[in-house]
Amino acid sequence: MYRLLCSFEWLSDQESVGVVRRAVAVLVLVLMIGAAIVGAAFFLPTLFSAVQPVLPKLAASCPRVSAVKVGTISVPAGPIAGYCQDQLVNAAHIINAARGLGIGTHTQAIGVMTAIGESGLRNLAYGDVAGADSRGLFQQRDNGAWGTLADRMDPFTAATNFFDKLTSLPGWKNLSPTEAAHAVQVNADPNYYTAYWADAQVIVAALSGT
């Protein structure tokens with residue numbers, strides 16, 4: 001800047017002042033443009049992210065397969081409550097087991113809820129941290145209470161044994177769904193199954209045609 005001013009010494013005083021003012025104005029303009037660019041780089045991403053539309057939650061994607069029959073229940077490809085046919089088939093076995101014992105849809109949903117919480121409606125051939133010997137939809141233990149390994153791995157038989165245990169408990173009809181499941185499964189948290197109750201009701205209603 002000093003050299004620039006010195007180069008103006010040959011100009012008249014009035015001309016020098018005008019040139020200096022123009023130089024200062026240009027410098028200020030350059031600084032303002034630079035500040036604007038920095039500000040835009042900082043604030044625009046935040047602004048755009050704030051006004052982006054909230055995308056709806058995508059539904060579960062299930063393979064395109066034909067409906068299958070499980071007893072009298074027609075099981076679609078899904079999804080129903082986020083579950084696909086392979087899982088819904090297991091829910092149908094649970095419903096059929098309950099029907100065979102004369103158990104209604106409310107308690108059928110308790111069975112489905114319990115299986116969702118224990119295995120995600122998958123017939124698991126392995127256990128978990130709580131029980132390495134746990135197997136099947138209900139993660140039933142190898143303690144003699146749930147029959148043979150084949151019994152625990154058969155969805156219909158495992159569900160039948162679950163409902164037999166539930167209905168043998170005094171006052172079981174007065175229990176909330178999660179309390180009923182906990183009374184049979186004896187897990188660490190009696191409220192654990194609550195999160196799966198709504199989905200279980202949807203599944204039972206859909207598969208029962210109600």
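At-a-glance table
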read-out: Ranked His182, His93, His106, criterion: other C-beta atoms within 10 Å, fewest first; value: His106, His182, His93
read-out: Spin-label model distance (nm) - Thr194 vs Arg122, 7 Å beyond Cα toward Cβ; value: 2.7
read-out: Peptide ranges 187-196, 107-116, 146-155 listed from the most packed, as the mean C-beta count within 10 angstrom indicates; value: 107-116, 146-155, 187-196
read-out: Net charge, Tyr126 excluded, C-beta distance under 14 Å - Lys, Arg +1, Asp, Glu -1; value: 0
read-out: Neighbourhood net charge (14 Å Cβ-Cβ; Lys/Arg +1, Asp/Glu -1) for Thr178; value: -4
read-out: Estimated FRET transfer efficiency (Val202, Ser66; beta-carbon r; R0 30 Å; 0.05); value: 0.85
read-out: The stretch 94-210, Rg to Rh (Cα coordinates; Rh as Kirkwood inverse mean 1/r); value: 0.93
read-out: Interatomic Cα distance distribution for the stretch 161-210, bins of 10 angstrom, percent; value: 25, 47, 28, 1
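None of the figures in this text is laboratory data; all of them are computed from the coordinates on show. Nothing here was measured: the structure is a model prediction, and the numbers come from that model. Methodologically, a virtual Cβ is constructed for each residue, glycine included, from the backbone with ideal geometry; neighbour enumeration extends over all protein chains shown.
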